[in-house]
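The values are calculated or read from the model by the stated rules, or taken from the named source; none is laboratory data. Values in this document were obtained by computation on a predicted structure and should not be read as measured data. Positions of Cβ are generated from backbone atoms using ideal geometry, with glycine treated the same way; all protein chains shown enter the neighbour counts.
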Amino acid sequence: MIRNIANCKINSAISYPSYDRKRLVARIVHLGCGAFHRAHQAVFTHHMLEKTNSDWGICEVSLFSGQTGIQHLKDQDCLCTIAEKEAEKTELKIIGSMVDALHPEFVGQQGILATMAQPQVAIISLTITEKGYCTDIASGKLDENNALIQQDLANPTEPTSAIGYIVEALRLRYERGLPPLTVMSCDNVKENGNVAREAVVGFARLRDEKLAQWIELNVTFPCTMVDRIVPAATSESLGEIAEQLGVYDPCAITCEPFRQWVIEDNFANGRPNWDLAGAQFVKDVVPFETMKLRMLNGSHSFLAYLGYLGGYAHIADTMANSDYRQAVLGLMLQEQAPTLTMPIGTDLSQYAHLLIKRFSNPSLKHQTWQIAMDGSQKLPQRMLDSVTYHLTNGSDYPHLALGIAGWMRYVSGKDEQDKLIDVRDPLVEQFKSIYQQYGVSIDVVPALLAVFGNPLLANPHFVRAVTEAYQQLLDCGARRAVAAL
Ligand code: NAI
Ligand code: CS2
């Protein structure tokens, strides 16, 4: 038998689920069992279960990679360790809210669809990354030319994309007269519930108008704002946790102590009382979501591109440089906060200072390279929407211009020492051909802006600002360009 957290004695100082896990039923099916989901929604559900007799359990699904992780979860009865780390202190907890784990490689597509179509399933939740929604960057609508969508349209009962799975599962429920459910996005996507709705209903409409109408009438798609900094696990982070636990947990995740979840209270078929675990149910999530995407994620992307180019591997290392710390505070307070309309009583300056503290947490080895991934899908909601605000209002945005230029310089695929960068992005081939055509020069700026498909970005003032920032990066490098802000 494999020695694991489910079958051997764990250090008694570490908290174990206090509730009877036998009572749990897989009423939530989660697509995208990555690091974040385990340290966020699974943790909120765990704390809620500690406080009630509720039976809400989660069935985990990974659709693409992640078969090893799913196997590990199954081997240890779906228990998993969460290490909440501050500078001086680490708190370990073992969470028990996950009850099953599936992968198409083990149970086939039909096995996953059968689970999603079970009568007791009331929520399908998602952390499938920005690109998982298969939407067009500019319009936010389903991208009918997306390769996965094309494949699923040709063979809709054997889906591959998350959207294809959801629509096929909903079709099974519709045909069997089963209760509807809620599709709850937990990704860092602007108005994530609305984007999920557009994608699901858009795909259903391409299959069958009646099915699309049933979904529109019966299924809900609440928006959520999710927040917790959760770096990908490394052999170092897993080794450290194993030392404290006394046993190796391959599913363990390290994260910061902070966690926040604001949820639009719009559920089709019941929901757990996540408020007992600190979540907020509200009518309108959008202001909170926009604040987080621009202030937190916009700053993260700024630090990721300019930090990586400046030779920093992690966010906390980048924050140890006072020029970057000052710059990111300037970005938040001068260029992101003014674009927001918040409920009365929201203190954006306090929020910005808390973010500075969270980014500086030296225990979190959050790689600049990890955050730099998928920039084409992230920049619109993190930086470009704010630029359009400034263009309309005639205000300045030098930090945003440098952040966007940093992304452009990063996707050249070579760093300031001419070392290769492993650029991960759905548009990586497009970036390569732009750089092949123009070389590492300011001539790439208009072509790279065009990938966002937003005519407002062709504004000459903006093109000039980004071109100047890009030239500055070429002339003096990221560290000096940041200091000059
Ligand atoms: P991860 O890499 O650990 O997990 C990503 C998951 O998404 C995997 O299960 C993978 O199979 C799935 N996936 C990837 N591409 C997909 C696609 N095209 N279709 C369907 N599934 C796909 O990443 P992590 O850290 O769990 O983050 C996932 C998402 O969660 C982020 O993209 C973000 O939107 C959100 N998030 C992450 C936070 C973090 O600090 N890590 C915090 C707040 C939100
Ligand atoms: C990060 C986020 O990977 C990224 O792009 O900016 O995942 C960030 O860690 C979270 O949104 C924090 O809640």
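For W214, the criteria (1) without any contact (Cβ under 8 Å) to a residue 24 or more places away in the chain; (2) more than 16 Å from ligand 1 (Cβ to nearest atom) hold in every case but one, which is (1). Close contacts from segment 107-134, counting a first residue that is in a helix (DSSP H, G or I) and a second that is basic (K, R) and within 14 Å of ligand 1 (Cβ to nearest atom), with Cβ to Cβ under 7 Å and a gap of 6+ residues or different chains, come to E130/K378.
Under the condition of being over 16 Å from the mean Cα position of the chain (by Cα) and either over 19 Å from V195 (Cβ atoms) or within 16 Å of ligand 1 (Cβ to nearest atom) (or both), the residues counted in segment 284-324 number 23.
Okay, residues lined up against (1) out of contact with any Asp or Glu (no Cβ under 9 Å at 6 or more places or on another chain); (2) of a type in the set (A, V, I, L, M); (3) closer than 23 Å to R38 by Cβ:
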residue	(1), (2), (3)
N155	yes, no, no
S161	no, no, yes
E168	no, no, no
V183	yes, yes, yes
V189	no, yes, yes
N218	yes, no, no
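In segment 323-333, of all residues being more than 14 Å from L293 (Cβ to Cβ) and in contact with a His (Cβ under 7 Å, 6 or more places away or on another chain), the one that is surrounded by the fewest Cβ atoms within 10 Å (Cβ to Cβ) corresponds to G330. Summed over segment 18-39, the residues that are part of a loop (DSSP other than H, G, I, E, B) and either aromatic (F, W, Y) or closer than 21 Å to Q71 by Cα (or both) give a count of 5.
For G403, the criteria (1) farther than 30 Å from D143 by Cα; (2) in contact (Cβ under 8 Å) with a residue 24 or more places away in the chain; (3) of a type in the set (G, A, S) hold in every case but one, which is (1).
Candidates V328, V286: the one that is touching a residue at least 24 places away in the same chain (Cβ under 8 Å), within 16 Å of ligand 2 (Cβ to nearest atom) and β-branched (V, I, T) is V328.
Within segment 302-361, the only residue that satisfies the criterion of being touching a Lys or Arg at 6+ places or on another chain (Cβ under 6 Å), of a type outside the set (A, V, I, L, M, F, W, C) and part of a helix (DSSP H, G or I) is Q336.
Residue count for segment 122-165, restricted to those that are closer than 15 Å to C186 by Cα and in contact with a Leu (Cβ under 9 Å, 6 or more places away or on another chain): 10.
Is one or more of the residues making up segment 54-74 assigned by the TED database to the domain that holds P180, within 17 Å of L245 (Cβ to Cβ), part of a helix (DSSP H, G or I) and more than 17 Å from the chain's Cα centre (by Cα)? Yes, segment 54-74 contains a residue that is assigned by the TED database to the domain that holds P180, within 17 Å of L245 (Cβ to Cβ), part of a helix (DSSP H, G or I) and more than 17 Å from the chain's Cα centre (by Cα). Only residues that are more than 16 Å from ligand 2 (Cβ to nearest atom) and either in a helix (DSSP H, G or I) or under 17 Å from the mean Cα position of the chain (by Cα) (or both) were counted across segment 162-194, and they come to 19. The criterion of at least 3 residues that are closer than 24 Å to Q367 by Cβ and without any contact (Cβ under 8 Å) to a residue 24 or more places away in the chain is met by the following helices (runs of 4 or more DSSP H) wholly inside segment 419-485: 428-438.
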